[in-house]
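Student: Please read through the structure below; I'll follow up with questions.
Any read-out appearing in this document is the output of simple, stated calculations on the displayed coordinates, not a laboratory observation. Since the model is a prediction, treat every value here as computed from it, not as a measurement. We place every Cβ from the backbone using ideal geometry, glycine too, and count neighbours over all the protein chains shown.
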Amino acid sequence: MAQPANQEAPGSGTRQSETLAPPAGHGEHEGFFKKYLFSTDHKAIAKQYLFTGMFMGLIGAFMAYTFRFQLAFPGSHVPGFGVVSPNEYNALVTNHGSIMVFWVAMPVLIAAFGNYLIPLMLGCDDMAFPRLNRLSYQVFFLSVVVLLISLFVPGGGFGGAWTAYPPLSSKAEYSLTPLGSTLWLVAVALEFVAFLIGGINFVTTTMNSRAPGMKLYDIPIVVWMIVIASLVFMASVGPLVAGAVMLLFDQLFGTAFYDPARGGDPLLWQHLFWFFGHPEVYVVLLPACGIVAEVITVFSRKKLFGYKTVLYTAIATGIVSFFVWAHHQFVAGIDPRMANVFTATTVIISLPVAEMVFVLVATLYGGSIKLTTPMLWALAFIAEFIIGGVTGLFLGASGSDIYLHDTYFVLAHFHYTFVPIAIIAVFAGLTYWFPKMFGRHMNETLGKIHFWGTIIPFNSIFIPLFLLGLAGQHRRIYSYEGFPELARPELQQLRIIATVSLIVMLCFQLVFLFNFVRSMFRGRIAERNPWKANTLEWVAASPPPHGNFETMPTVYRGPYEYSVPNRDEDYWPQNQPA
Amino acid sequence: MTSSPNETHEAGPPASGDEPRAREADPAEHAQAAEHAQAAEHAQAAEHAQAAEHAHAAEHAHANPVRVWAILCALLVVSVVGPMAEIRLLTLITAFGIAGVKAYLVAKHFLRLGVERRYVAYALVVSVAFMVLFFAGTAPDVMEHRGRLWTNHAAQKEVERALKEAARDGH
Amino acid sequence: MKPIATTRSATGIPTGRLAVWWLIASEIVIFGGLLASYVMHRIGHAEFGDYAAHTNTWAGAFNTLVLLTSSLSAVLAHEAAEKGQGPRAARMLLFTILGGAVFLIVKSFEWTAEIRAGYTLATNMFWSFYYTAAGLHALHVIAGMVAMAFVARDAFSNRELQRVELVGNYWHFVDIVWIFLFPLLYIAK
């Protein structure tokens, strides 16, 4: 406060700068590299994150296809890969998990949407720290490179599961991947650093750089969600960063942090990991909910039911998510008394999440619903996520978890949460903001074909896996032929149904890719505000130029004033004077 | 955040005039909007006013940093001398109690958290609190070597072995 | 160019300082996780007391003094920057960097003696934690020194004076971490 020398101090200087001419069209004269590879423009960085995330998604999907093929037809030649060896199987499963969580869900949901939407929705021309933003992507890109290298080093990629429990992850004698496990760990650590930098940027921008007149309760819900998620990430990832250093030392320098024979404790890693790992679920869930909330309000032409309720439940979810982590460890040998505590907290966290779903459903009630492609995805998110949430209750209660732990029931449960989050909500967001991002419309018919071609096979992949899990099928098994009670033909048929459904679902993604690329260049030109939405990003041109707005907007009202009585139009942009 | 000299940004304003931003340029309006945001943040405007006043007063009332430093050095001497009495409780109090006091002094006077908006201190305290939470959830399994219906034989064996070895070495 | 976004300040806290607060918050949990893990082992393993007896309390105490003093000069640099005295702020920052250098030199002698005596990273759990925690802290000291060198260079010509406070705040945080590391690693025996 007391700093005359400070150029950033609030006061007259700040306000004056707002009245400067906008740097519209600034990016036109920059060279290709400056514009697309080393840009500090938040929209370019968002697209870098988006395309990197989509690319990694293709790799993760290919891995899923490979090991699902092996499970359905053990020992056979997988088209496009060859025969999968047990070690390769472990590496594929591990890296599928890591990639989908750390290199698809995080960069797309938080980094891509966060970078794209936060400055536009807050009515500013860029992030508070544009160069830090660029650094964040560069570190992330480095982590991608390190991860991809780790797949091809001698010994193969890391195969100790994405949770990397020691001693499997700490000792090369066990994992058989001396280089792969270290590179994997380094890649994950770099990815954390990238998102810490990005998260600080998001939070600071939202706190300080809002358009004049935008009060805290005028911030669109999706921005709130990304900010809360960034804070939760920031507070939960620290211990795991320390833990990763300790694991690295165990791998490289022969320390014994996780070696019980020499005074260490492998349970410590599990605590460090899940203290981050469980909040991480909410780190990706909250932005997904935010995207869905935006889409649902726009396409039901109704005010969001209970803005403050959503906001407070999101904060509550973020806080309670720190109190539930040990429910992943009920059978790991933790003290049974702690299991009671964590069962209770796990049941409690379903309250705010359920409330959020109720708010979304209440927003639909009585609205004039338009079933566009983004709206279909948003509705599918609610439906599918409820299945994921309800099956979670069986796993959160320590009694039933002892039976279900480490079966395919767990696997199907978290895919029923993660696929809605990282795939369905992302498609809702992508199809909704595509006209803004690229200035063109996507094809609705192809969009709907893609939607149904994804949702139906998605359910027929994972419902059989629920049944297999209840039948006792354990995770992380290369081939069930050695287990007579699991190799029965009726169970094998369920595996084949799941695998065939997966292949069908992946084929339908080609429809999306075709639609995406074609619409980018050939789609119908989009006007500024094709969905007649209120938030500030629709005030800018489509696609917004460098600097975003011709005149920096001022905000007069909340983001969800749809169908206000006594008005000609059923929407009321935030920047329109009363 | 470098200020590159070739910026057109600064060159714009005279041309752009007042009209397009008639509303923007109204300082009272702005102050009010900013005030509103603050008020919401603090849940009440009164607290905000108080904080501002506080900050203003503090401009003249910074503790002399050299004096704070002298106190810190004196505390350091105590924390080194204290454990020489070889009383376990005294060691804990002098070592960690004084560390807490020193950290408080540095945070208040050097980091100037005393005159910063209060939610910053709360945010930092919350991140410390999460670490206490982590400790509370993890210690029953890692710090303890025996619990209800379980024993950590490996850890117990290691402690026994190391203590025996230390005794043999004559400690 | 400074985008308009970087010049706004809806909270009243300058954007740079706000970001440093969040940086410090995220560092608290990194050190917090490591130290929490150390403390549980320290309490659970009675033998750590014997291992810790070999650390050099005097070196640790001297380094604490050095860091406290360098924090003082960082505060003086900030006060100078507030008055717009860039060169004086820069000199004070250089003094702080010198403090960091002395800290690292003492540390390197200390570690050399310990490694010669056979206490290495993998000797036992106490020494593993000792080197990991102190090493992570030393990395932060180095990072702070590098950042301060850049800020001091600008401050000499009265540019970007608000950054003097920012690096100072980071340095005080590094100081606070050491204030806790000192009793944890050296005094509690």
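Student: Projected area of segment B:71-171, taken from the Cα convex hull and averaged over every viewing direction, in nm²?
Tutor: In nm², the orientation-averaged hull projection of segment B:71-171 is 9.8.
Student: Could I ask something else about it? For an R0 of 56 angstrom, estimate the FRET efficiency from the Cβ-Cβ distance between A:Ile402 and B:His62 and round to the nearest 0.05.
Tutor: 0.40
Student: Ok, one more. With the contact rule set at Cα under 8 Å and sequence spacing of 6 or more, what percent relative contact order holds for chain A?
Tutor: 17
Student: Once the piece of chain linking A:Phe51 and A:Phe73 is laid out straight, how much longer is it, given 0.36 nm per residue of separation minus the C-alpha distance between them?
Tutor: 4.6 nm
Student: Please compute, for the alpha-carbon atoms of segment A:41-184, the extent along each of the three principal axes and give them in descending order in Å.
Tutor: 56, 31, 21
Student: Right, something else. Which FRET efficiency value, to the nearest 0.05, do you get for A:Leu393 and B:Ala74 by plugging their Cβ-Cβ distance into 1/(1 + (r/R0)^6) with R0 = 60 Å?
Tutor: 0.55
Student: Quick one: net charge around C:Tyr131, please, counting Lys, Arg +1 and Asp, Glu -1 for every other residue with C-beta under 12 Å from its C-beta.
Tutor: Net of charged neighbours comes to -1.
Student: Here's a follow-up. For segment A:43-538, evaluate the Debye formula with one uniform point scatterer on each Cα (no solvent term) and list log10 I(q)/I(0) at q = 0.08, 0.11, 0.12 Å⁻¹, rounded to two decimals.
Tutor: -0.47, -0.94, -1.13
Student: Hey, another quick one. Suppose R0 equals 45 Å. What FRET efficiency, 1/(1 + (r/R0)^6) with r the Cβ-Cβ distance, do A:Phe141 and B:Ala85 give to the nearest 0.05?
Tutor: According to the calculation, E is roughly 0.20.
Student: With the Cα gyration tensor of segment C:63-139 in hand, convert its eigenvalues to equivalent ellipsoid semi-axes via √(5λ) and list them largest first in whole Å.
Tutor: Here the semi-axes work out to 35, 11, 8 Å.
Student: Can you tally the net charge around A:Trp103? Count Lys and Arg as +1, Asp and Glu as -1, for every other residue whose Cβ sits under 14 Å from the Cβ of A:Trp103.
Tutor: -2
Student: Also: Using a 7 Å offset from the Cα along the Cα-to-Cβ direction at both A:Val500 and B:Leu92, what is the distance between the two label points in nm, to one decimal?
Tutor: 6.7
Student: Specify, per residue and in Å³, the volume enclosed by the convex hull of the alpha carbon atoms belonging to segment C:1-92.
Tutor: Cα-based convex hull of segment C:1-92, divided per residue, equals 159 Å³.
Student: Considering every residue in B:76-85, what mean count of other chain Cβ atoms within 10 Å of its Cβ is obtained?
Tutor: 4
Student: Of A:Lys436/C:Lys2; A:Lys370/C:Lys2; B:Lys102/B:Lys164; C:Lys2/C:Lys83; A:Lys303/A:Lys448, which ones are farther than 32 Å apart at the Cα?
Tutor: In this structure, A:Lys370/C:Lys2; B:Lys102/B:Lys164 exceed 32 Å between Cα atoms.
Student: Mean separation of Cα pairs under 8 Å and 6+ residues apart, divided by the residue count of segment C:7-104: what relative contact order is that in percent?
Tutor: 21
Student: Let me test this: with uniform point scatterers at the alpha carbons of the protein assembly as shown, what is the Debye-based log₁₀ I(q)/I(0) at q = 0.04 1/Å?
Tutor: -0.19
Student: How large is the convex hull of the C-alpha atoms of segment B:61-116 per residue, in Å³?
Tutor: 58
Student: Taking 0.36 nm per residue of separation and subtracting the Cα-Cα distance, what length does fully extending A:Ile449 through A:Val361 add?
Tutor: Difference between extended and current length: 29.2 nm.
Student: Next question, about the same structure. Which peptide among C:140-148, B:110-118, A:279-287, A:340-348 comes first, and what is the full order, when sorted by highest mean count of other Cβ atoms within 10 Å?
Tutor: A:279-287, B:110-118, C:140-148, A:340-348
Student: Right, another one. For segment B:61-116, what does the relative contact order come out to in percent, with C-alpha contacts under 8 Å and a separation of six or more?
Tutor: Reported relative contact order: 37 percent.
Student: Taking every pair of Cα atoms in segment C:14-187, average 1/r, invert it to obtain the Kirkwood radius, and report Rg/Rh to two decimals.
Tutor: Rounded to two decimals, Rg/Rh equals 1.03.
Student: In Å, what Rg and Dmax follow from the Cα atoms of segment C:146-189?
Tutor: 14.9, 49
Student: If the chain between C:Ala101 and C:Ala46 were fully stretched, how many nm would it gain, using 0.36 nm times the residue separation less the Cα-Cα distance?
Tutor: 16.3 nm
Student: A further question follows. Using a 10 Å cut-off on Cβ atoms, rank the peptides A:109-117, C:180-188, A:476-484 from the highest mean neighbour count down.
Tutor: Going by the mean number of other Cβ atoms within 10 Å, highest first, we get A:109-117, C:180-188, A:476-484.
Student: Where does the protein assembly as shown land at 222 nm, in deg cm²/dmol rounded to the nearest 500, when only DSSP H runs of n ≥ 4 count, each adding -39500 (n - 2.57), divided by all residues?
Tutor: After summing the helix terms and dividing by residue count, I get -22000 deg cm²/dmol.
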